[in-house]
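> Questions regarding the structure given below will be posed in turn.
Each value in this text was obtained by applying a stated rule to the coordinates, not by laboratory testing. These numbers were taken from a predicted model, which means no experiment stands behind them. Cβ placement follows ideal geometry from the backbone for every residue including glycine, while neighbour counts extend to all protein chains displayed.
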């Protein structure tokens, strides 16, 4: 175990400006947002801030009646908070590792439980997963984000990105699936022969099948499995 004098500890762990722009990884598990106007972030993710910043829970009709119905159907979906002002905002989610993407007129779909923050310039919509109600870590919803701007999402430990190629589909455990190319439409398949081998939780015999051209991001962790043990 490392031991420090106070000045050594401060020097080792103090905040530093890395000049990375709006979203900056202060540590692999803490996101610094150099806020100049407004940002959307996961409700409850704020751990610290400095400057003149106000926080507001997402308004019930803020994103339109369509999203309101979807959020009600998914059990509140991905609750968001709006941070407005100027300053430095620090957010995190249960010590999970943070990844930042800078979309350039592109799209990505993220498990609703893993979405951490995104710029207001990004358009988003909730995608319902009716066939696997209760299996996904965040419920049965994912969020598709598209446009130009920054998106941050989380994963338990280091994520692995698998390339999906035509004629060579990728199969994943729903509880370990974090994100995928926004244009891919995963198919849910059941293979009883894999029940004892594919996953350890409620997704043993159900897999997500990705086919076409794109990518899928997985994590070395099944989120529902831990919650069942705790």
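> Cβ neighbours within 10 Å, averaged per peptide: list 169-182, 99-112 in order, most packed at the top.
Going by the mean number of other Cβ atoms within 10 Å, highest first, we get 169-182, 99-112.
> Order 10-19, 152-161 from most to least packed using the mean count of other Cβ atoms within 10 Å.
152-161, 10-19
> Gain in length, residue 36 to residue 125, computed as 0.36 nm per residue apart minus the alpha-carbon separation, to one decimal in nm?
Additional length available on full extension: 29.6 nm.
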